[in-house]
Every structure is written in structure tokens, then in C-alpha cells.
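Student: Quick one: the structure is below, and I'll ask about it shortly.
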Amino acid sequence: MRANALLLGTACAVLLGTAPAWAEPITLHALMEDVPETTIIEAMLPEFQKETGINVEFQKLVYSDMHDKLVTQLTGPESYYNLLEVDFLWAGEFPAAGWLADLQPFVDKSKFNLQPFIPAMLDLVGRYKGGLYMIPMYNYSMGLIYRTDLLKDAKLPPTLGDYVELVKSMKAKAGVAGAAMQSQRGDPNSMEFSNFLFASGGRYLDDNGKVALDSPEARTALKLYVDAVQHGAQEGALSATLDDTLRLMCDDKAFSMVTYWWMLPQLDDAKKCPSVAGKVALSVMPGGHGESGGWGWGIPKNESPELQQAAWTFIEWVQSKKVEVARALQGHAPVRSDVFEAPEVLAKYPYYKAAEAVVASGMAFPVFAYSAQYEDVLGTQLSLAAAGQTSVDAAIKAAAAGLENLKKKAE
Amino acid sequence: MIDAVGATRNVTRRAESVRRPQGSRRWWRALGPSRARLTGWKFAAPGVLLIVLVMGFPLAYAIALALSSMTLLHPHLAPFAGLDNFAAAVADPFFWNSLRITVAYSLFTVAAEYVLGLVVALGLNKVVRLKPVYFAILTVPMAMSPVSVGLVWHMLLQPNLGIINHVLSNLGLGGVNWLGSTRLAFWAVAGVDVWQQVSFVILILAAGLASLPKEPYEAAAIDGATSWQQFRYLTLPMLRPVSAITIIIQLINEFRTYDLVYVLTRGGPGVSTDILSYFAYRRAFLGLALNEGAAISFVLLLIVLGLTAAFFAVTTRRS
């Protein structure tokens, strides 16, 4: 009897001792940009946890700090972040450095259907040199958001030059900044200027991948950009970021902003921006083209197969049509055409049609291993030109030479 | 004669026996001083090891990086790059701009912190009541991380929605483009830095002033010296060692400034606040070139070491 009790006790102790090892749930850690898209997904995480038993924790950070934090993790033997949110600007760098796992085996194994994904999005933030390293998460193509009440009966001008004139006149006459501009050196001004470049008919690279920035169109674009910063934008535009511009628009202090189209639902929210809600609209950039952008999901190479599988389970779930539609109903910027065209989504947000046009007309910043450094090189020249410390001609020449050098380095 | 020679030999032998210890005891005695040294090293070993691990290893690794081909896309030290990374850094036209800005920034902030710190410390030296309260308030900026300080000041200096411009506008002075103007951004960042760092200078100088002897002042007062003369000929010379240390510590701190620039301006507008540490960061993390970043950091280290040595030499000679 006593021996049996001892045996039972030992067995229980062994079971209790080992229980945590196999009962411990998997937790995925993701470094996420602190934007509404993240908040929307975060609110749905309990649902995923309930379905799969996998925990997901988001650490939210401003964009500018994300790259360095991810790079330091990915260069180590093991990454704390086992689920990655990858910007399209790093979509060349991360696979080139060998930090991302190839997702094609996961797609094949789970029979995940890639057909509904917008091809431009898969090319921008999915494939790299033939491999599939990311699954598109959301798009952030850029367009023009403007105040309909300040424009009154007038229509938006069709060309970039006319838009800059309008911006200047708004600043002079309407008592608001004509444009809330995010012209801080680096990512903010590079992204913003790209819209001016594409709207003027300029390109970073030609169809053969050769540098095409040193062109009359690029000079026109930069001339207009400098003019807008100096005479149409808010005070302090050269140190302003995306957050600053959003606050200005929300606070009824600006007529327009060249920005990510998903800012519209934020500005149109009467709770968040009561002064301007119902008075804002979205348009394709005057000139017909704006900057394309997007984020993708990736899985670090330096992770165990179990964690990689768990990360894939999450990606498969969060980018399924059902979840994407649910996200879109809360303001998500879709990457699947079947979500853009879903009747319930269009019924709630009629301007998703305009958004689809913005996405469709978007053109991309050069994606290669040194995209992040190129933003810095270009951003410095743009800032120097906008501050009047260098000429438009010299800035374009230096920016084109910088792109040429980095392209060579990457090759 | 023979006896005298024998006696001499005996004395010599005795002397030699004293000089040359015999047997194991004598051998230990001969090594006495070395053993003491060995024991000393044993006691010092944990500290030395810690310094080697914490400071020596990273420094050696940084040197190796600076002389290597390691980038984030090529994560190997080989092949040896010699001085190529230094040459690449120096060849960049923005390097010299960054160096110039760093030197100007460091000299201005240290000078401002010292002058302001001394004025406040002298005032506090005369305060009798509520001294602990003043010191407690002074430690607040010092206890804040530079990133938090940067974020707070970024909001305060915001040209359209910031409090400072709001107050200035209400006073009829109009808003100021603090961080977006190439003329003002440098001074705005430096001003925020002084705001945070001056507390440290005040505390050190106040401690130095409190430790000065009273007798020279009493003698000077009897001789009819004015307050200015007492300050000029007693306080300043007696405070020189404390001042020297304070200035050196602050000079090193300011040369390493990075966080404030990162949060407030990202080196802009243009390149007006592009200090050397931010330049190194851009090379290392945006350019993925850890080797070039390390080389630039090493240049920064050499400059700081040179300045520190020069400052020590000057103050020691004067002392």
C-alpha cells in the first residue's frame, strides 16, 4: 500500500514537473509600426489565440526606430522577434542578407492561395530574385488628401505645378498651411518627394533598371517641391514627420497633405478629428502617379522550425479573406483584390474605389539591398535643397550619383 | 696580517650569506617582493578582468571591425581592409562638415554649461534654507534619459502646436521655427542639451565650492578684497582641479551626443545638425557598413582622447 502510494506520488511529481514543458503555449513576438493597421490586428489577436492556442505579442514602435532594432536582432544567432513586419524598403535588403526564411514551402504545404493578392503588391513586398520571402500585409500607396470645404466648388488641379500654386494661394489667403508637409530628412522627405517625382513624369530607374534620376522631369519635381516647402507648407516643415502632418490636418490647420491613403479614415473619424471629419477627400496625386508602398509579413531564418510554423499559421490566418475583410471594415488598407471589391467593404467605405485607383497608379521607390541608405542619401540632398543650402541642379546630380554608387555596391 | 685577512673573509662571507639566502627559506625570502606583487595581482585580478571584458574587449573588437571588411551583408571580418574604412569616411564630403559641427557643438555646450553651472553653483553656495529641495529639483533633468528629453522638447518646440511658440505668439512675439530652420536648429538642439546637462555641472561645482577652505577668504576680507577679487583670485584658482575634471567629463559627453539629434532633427535640416556620432550611425545601420561606422567612431575616440590629454596638460602646467 505504502509502496503504491509512493509510486503514485512519484508519477504525479514527474507529470507535474514535465507538464509545463509540453503545455507551455507558443508565443510569437512581432515588432510592429505604431499605426492604425497594427491596432486593428491587435484587437483581433484574442480570436487567433482562441482558434490556434498561439499567443501573439506586438511591440509597437515608430517607423524610424524599427529598422535598426530589427537588424540588430536578425544579425544575432536567434531573433527575439519570430514574426516580422517588413517594409517594402527593406524587401531587398533582408532577403539579400539572408535573414528571411523562404515562404514558398509553407505556401505549398498549406495550399495557401496567392491568386487574390494584387500582383503589384506581391512584386513589391513578396518576391525577391525569384523567391517568396514575404506575404503582403497592407498597402500604403500615397495620394493627396485635401479639404473639400476649403476648395469649395473648385476642382483639384490636374497637374503638379497647378497644385503647388493652389497650395501657395491657400497659405496666403485661407489662413491655413496649403500643405502639411513631412519634410524631415530621411524617410519622410524621400517618400514625399517621390510623389512629386512620379507626378512630374520622372523616374528613379528606367525600364532596364538603369538610373534615370538625372532628368529635366526630376529637376522640375524638385523645384516644385522646394517651392511648396518654402511657400506653401507649415512653419517647420523641414523637421516635420508623418505624425506632425496628421496632427496639423486633424487640427484644421492645413488644406492638404501628400500622404498615405489610409490616413483618410483617421481624419474622417468624428471622434478623433471633429474639426475636419466629413470635410476630407482622397485623390490620386495631381499628375497621375504617386508613390507605392506596402508592408509584408516575414519569418526570420534564425528561428526554430516550430516557431516558424507558428508564425506561418498566423500569417495564413491574418491574410485570409475572412480576416482581411474584417480588418478592412475597420479601415485596413487591403492587399487582396477580393477584399477591395467586397460589397460590405465598399458599402461602408465608398472611397475605397479611389483608394484602389491610388494603389493601381502607384510607382515604386527603388527596392534593393541599400534602399534604406538611399533614402538617407536622397533625403539629405532634398533637405539641403529645400533649406536653400544647395541648388536644385546640384541636388539632383548628387542624388542620381548616390543611387548609381549604391546600385553598383549592391551588385 | 693573516688574522686580518681571515677576519675580512669572515665579514665578506657573512655579508654574502645575508645577500644570498640559503635553502628553501632563503629562496622564498629572495622572492619576497615578487610574491607581494603576485598577491597584489591576485587581489586586483577580478577588477582587471572585469575592465578587460567590459572595456577592453569591445574596444579591441571595434578596432578589428574598423580594419575589417565586415558589413551587415558580409558578416565576416576577413579580408583585412587596412585603413580603407578610414579613407572612405574621410573621403565623404559630409564627414568634414560633421566634424566641424561636432567640435562647434561640443565647445559651445561645454562652455555654456560651465558658465551657467558656475553661476548657479555660486548662488547655491550662499543659500542656507531649502538647499536639499533645490538640489532635488536639479537632479530631475539629469535623471531623465536623453531620448525622453528629446521627445518632450520636440513637442515643446513644435512650431505650430508647441507650447513655447504659443506663449511667444500670445506675447505678440510671433512663432519661431526652432528645429526647421538651418540657422536655429543647431542652437535649439544645443540649448536642449545644455538644459539637461547643466544640472550635473552645477552639482559637481557646488560640491567643489563647499569643500574650499574658509581661511583664505577671511584673510582676503581683512585685507579689503572685494567680492570680485575674492572670486577672481581665490575661488577660480582653488576650484581649478574640480573645473578641469568637470570640463573633461562634459567634453567627452558632448562629443558622444547622439540621442538628442536623433530624436529632434535627424541631422537636418540639410546637414546643419549632422554631428559625427549620427554620421557614424548612418554609415553603420543605414549603410549596413559596420566597419565604416566603427572607423568613424574610432576617429571620434581619438579626437576625444587628444582633447582630454591636451586639457590635462594645460591645467596641470598651470597648477
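Rule-based calculations on the coordinates, nothing more; no lab input. Nothing here was measured: the structure is a model prediction, and the numbers come from that model. FYI the Cβ positions are ideal-geometry reconstructions off the backbone, even for glycines, and counts take in every protein chain you see.
Student: Please figure out what share of the DSSP beta bridges in the protein assembly as shown is antiparallel and state it in percent, rounded to the nearest 5. Let's see the in-between values first.
Tutor: Numbers: 22 of 35 bridges.
Taking every DSSP beta bridge with both residues in the protein assembly as shown, the antiparallel ones total about 65 percent.
Student: Take every residue in peptide A:380-388, count the Cβ atoms of other chains within 10 Å of its Cβ, and give the average of those counts.
Tutor: Numbers: counts 8, 1, 2, 10, 6, 1, 5, 10, 3.
Mean shielding by partner chains, rounded to a whole number: 5.
Student: What is the dipole size for chain B, taken about its Cα centre, with +1 at each Lys and Arg Cβ and -1 at each Asp and Glu Cβ, in debye to the nearest 20? Before the final figure, lay out the partial values.
Tutor: Numbers: 25 positive and 13 negative charges, 379 e Å.
Roughly 1820 debye for chain B.
Student: Moving on. Counting only Cα atoms, I'd like the Rg/Rh figure for region A:67-201, Kirkwood definition for Rh.
Tutor: Values: Rg = 20.4 Å, Rh = 18.4 Å.
Ratio of gyration radius to Kirkwood radius: 1.11.
Student: If I take the Cα coordinates of region B:53-158 and project them onto the principal axes, what are the three extents in Å, biggest first?
Tutor: So the three principal-axis extents are 66, 36, 28 Å.
Student: Find the Rg to Rh ratio for the protein assembly as shown, where Rh is the Kirkwood radius over alpha-carbon pairs and Rg uses the same atoms.
Tutor: Details: Rg = 33.1 Å, Rh = 30.1 Å.
In the protein assembly as shown, Rg relative to Rh is 1.10.
Student: Follow-up. Mind ordering A:54-62, A:216-224 by average Cβ neighbours within 10 Å, highest first? Working shown, then result.
Tutor: Details: A:54-62: 16.0, A:216-224: 20.4.
Ranking, from highest mean packing down: A:216-224, A:54-62.
Student: Might you report the magnitude of the Cβ-based charge dipole of the protein assembly as shown about its Cα centre, with Lys and Arg at +1 and Asp and Glu at -1, to the nearest 20 debye? Write down the numbers at each step before the final one.
Tutor: Details: 60 positive and 62 negative charges, 767 e Å.
That gives a dipole near 3680 debye.
Student: Ok, one more. Using a 7 Å offset from Cα along Cα-Cβ at A:A43, what residues in region A:309-342 end up with backbone N under 12 Å from the label point?
Tutor: A:326-332
Student: List the residue ranges in chain B for DSSP H helices whose C-alpha atoms run 24 angstrom or more along the long axis and whose Kyte-Doolittle average is -1.0 or above. Show your work: numbers first, answer last.
Tutor: On the way: long enough: B:2-19 (25 Å, -0.48); B:32-51 (28 Å, 0.43); B:93-126 (51 Å, 1.06); B:185-210 (37 Å, 1.69); B:290-318 (42 Å, 1.45).
Helices meeting the span and hydropathy rule in chain B are B:2-19, B:32-51, B:93-126, B:185-210, B:290-318.
Student: Let me check against my output: what whole-number percent is the relative contact order of chain A, with C-alpha pairs under 8 Å and at least 6 apart? Don't skip to the end; give the middle numbers.
Tutor: Values: 725 pairs, mean separation 100.3, N = 411.
That works out to 24 percent.
Student: Please give every one of the lysines within straight-line cross-link reach of B:K131, meaning a C-alpha to C-alpha distance under 29 Å, and leave out same-chain neighbours fewer than 8 residues apart.
Tutor: B:K214
Student: Just the number, please: Stokes-Einstein D of region B:193-288 in µm²/s, Kirkwood Rh from C-alpha pairs, 4 °C, 1.567 mPa s. Show your work: numbers first, answer last.
Tutor: Values: Rh = 16.5 Å.
The calculation lands on 79 µm²/s.
Student: Can you give the calculated 222 nm mean residue ellipticity of the protein assembly as shown, where each DSSP H run of n ≥ 4 adds -39,500 (n - 2.57) and the sum is split over every residue, rounded to the nearest 500 deg cm²/dmol?
Tutor: Details: 35 runs with 432 residues, N = 730.
Dividing the helical sum by the residues of the protein assembly as shown leaves -18500 deg cm²/dmol.
Student: Could you work out the local net charge near A:W297, counting Lys and Arg as +1, Asp and Glu as -1, over the other residues with Cβ closer than 11 Å to its Cβ? Mind showing how you got there, number by number?
Tutor: Values: positive: none; negative: A:E85, A:E316.
Counting the neighbours of A:W297, the net charge comes to -2.
Student: Projected onto the charge dipole of the protein assembly as shown (+1 at Lys/Arg Cβ, -1 at Asp/Glu Cβ, origin at the Cα centre), which of B:T257, A:W317, A:G186 gives the Cα projection farthest towards the positive end?
Tutor: Looking along the dipole axis, the top candidate is B:T257.
Student: Averaging sequence separations of C-alpha pairs under 8 Å and six or more residues apart, then dividing by the length of region B:150-241, give the relative contact order as a whole percent.
Tutor: Details: 49 pairs, mean separation 13.9, N = 92.
So the answer I get is 15 percent.
Student: Under 19 Å between alpha carbons, and skipping anything fewer than 8 positions from A:K408 in its own chain: which lysines qualify?
Tutor: Those lysines meeting the cut-off are A:K129, A:K210, A:K397.
Student: For region A:91-148, state which trypsin sites (Lys or Arg not before Pro) are in a DSSP loop and have at most 14 other beta carbons lying within 10 Å of their beta carbon.
Tutor: Numbers: sites: A:K109, A:K111, A:R127, A:K129, A:R147; in loops: A:K111, A:K129.
Taking region A:91-148 and a limit of 14 other Cβ atoms within 10 Å, the loop trypsin sites (Lys or Arg not before Pro) found are A:K111, A:K129.
Student: What does the C-alpha gyration tensor say about the overall shape of chain A? Classify as rounded when a/c is under 1.5, otherwise prolate if a/b is larger than b/c, or oblate.
Tutor: Prolate is the answer for chain A, as a/c is 1.5 or above and a/b outweighs b/c.
Student: Related question: Compute the long axis of helix A:305-318 from its Cα atoms, compare it with the longest principal axis of the Cα atoms of chain A, and write down the angle in degrees, 0 to 90, nearest 10.
Tutor: For helix A:305-318, the angle is close to 50 degrees.
Student: Before anything else, pin down the relative contact order of chain B: Cα pairs under 8 Å, at least 6 apart, normalised by residue count, whole percent.
Tutor: Numbers: 307 pairs, mean separation 79.7, N = 319.
Taking the mean separation of contacting Cα pairs over the length of chain B, I get 25 percent.
Student: Out of B:A210, B:V128, B:F95, whose Cα points farthest toward the positive end of the dipole of chain B (charges: +1 Lys, Arg; -1 Asp, Glu; placed on Cβ)?
Tutor: After comparing all options, I get B:A210.
Student: Separate question: What is the mean number of Cβ atoms from other protein chains located within 10 Å of the Cβ atom of each residue in peptide A:229-240, rounded to a whole number? Show your work: numbers first, answer last.
Tutor: Values: counts 2, 0, 0, 0, 1, 5, 11, 16, 5, 11, 17, 5.
Counting other chains' Cβ atoms within 10 Å and averaging over A:229-240 gives 6.
Student: Report P(r) for chain B: all Cα-Cα distances, bin width 20 Å, range 0 to the bin holding the largest distance, values in whole percent.
Tutor: Pair shares across the bins are 22, 41, 23, 10, 3, 0.
Student: May I pose another question? Dividing the alpha-carbon radius of gyration of region B:119-177 by 2.2 N^0.38 Å (N being the number of residues), what value is obtained? Don't skip to the answer; put the middle values down first.
Tutor: Details: Rg = 16.2 Å, N = 59, 2.2 N^0.38 = 10.4 Å.
Region B:119-177 yields a ratio of 1.56.
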